[in-house]
1. Can you give the local net charge around ALA86? Use residues other than it whose beta-carbon is closer than 15 angstrom to its beta-carbon, Lys and Arg +1, Asp and Glu -1.
2. Order of THR87, THR71 from fewest to most other C-beta atoms within 10 Å?
3. Using the Karplus curve 6.51 cos²θ - 1.76 cosθ + 1.60 with θ = phi - 60°, what ³J(HN,Hα) values do you get for each residue of segment 68-77, in whole Hz, with x for Gly and Pro?
4. Could you work out the local net charge near THR29, counting Lys and Arg as +1, Asp and Glu as -1, over the other residues with Cβ closer than 12 Å to its Cβ?
5. How do TYR34, TYR83 line up, fewest other C-beta atoms within 10 Å first?
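None of the figures in this text is laboratory data; all of them are computed from the coordinates on show. All of these numbers come straight from a predicted model, not from anything done at the bench. Note: ideal-geometry Cβ built from the backbone for every residue, glycine included; neighbour counts use all protein chains shown.
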Amino acid sequence: MVSHLSGPDVDVAVLIYGLNVLVASLMLTFLMRYLARERTLVVDEIADETLAAMARQRMMSNGVWLVAIATALVAPLVAVGLYVVATVLLALPMLRLGRGRAHASSSR
C-alpha cells in the first residue's frame, strides 16, 4: 500500500478520498440523529441510550476525519493512518450493537 502512496499528486488523492468518505459519514450521522428524534422509525429493541451513544461515536469519528483531511496535504501517510483510526471508531458501535442483539436472541 505504501508504494501506491508515492507520487506527485498523492496528497490531493488522499484529500479527495477523505472528503468523499466524510460526506458519506456525515449523511449517515444526520440520518442516525433523525432516527433518534423520530422513535417511531426505529425498532423497539434499540434503546434510546444506544442510539444516542452511536450518534456521539459517529461525531467523534467525523472529527478524526476532519483532522485527517487537514493533514492530508501535509502528510498523506499520516492522514491514511487517521482514516484507519476513524474507520475503527465507526465500526465499534456497530459491532457492539450486533453483539448485543446476538446475546439477547440467544437468551430467549
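1. +2
2. Going from sparsest to densest Cβ surroundings: THR87, THR71.
3. So the J values, rounded to whole Hz, are 5, 5, 5, 7, 4, 6, 9, 9, x, 5.
4. +3
5. Fewest-to-most Cβ neighbours within 10 Å comes out as TYR34, TYR83.
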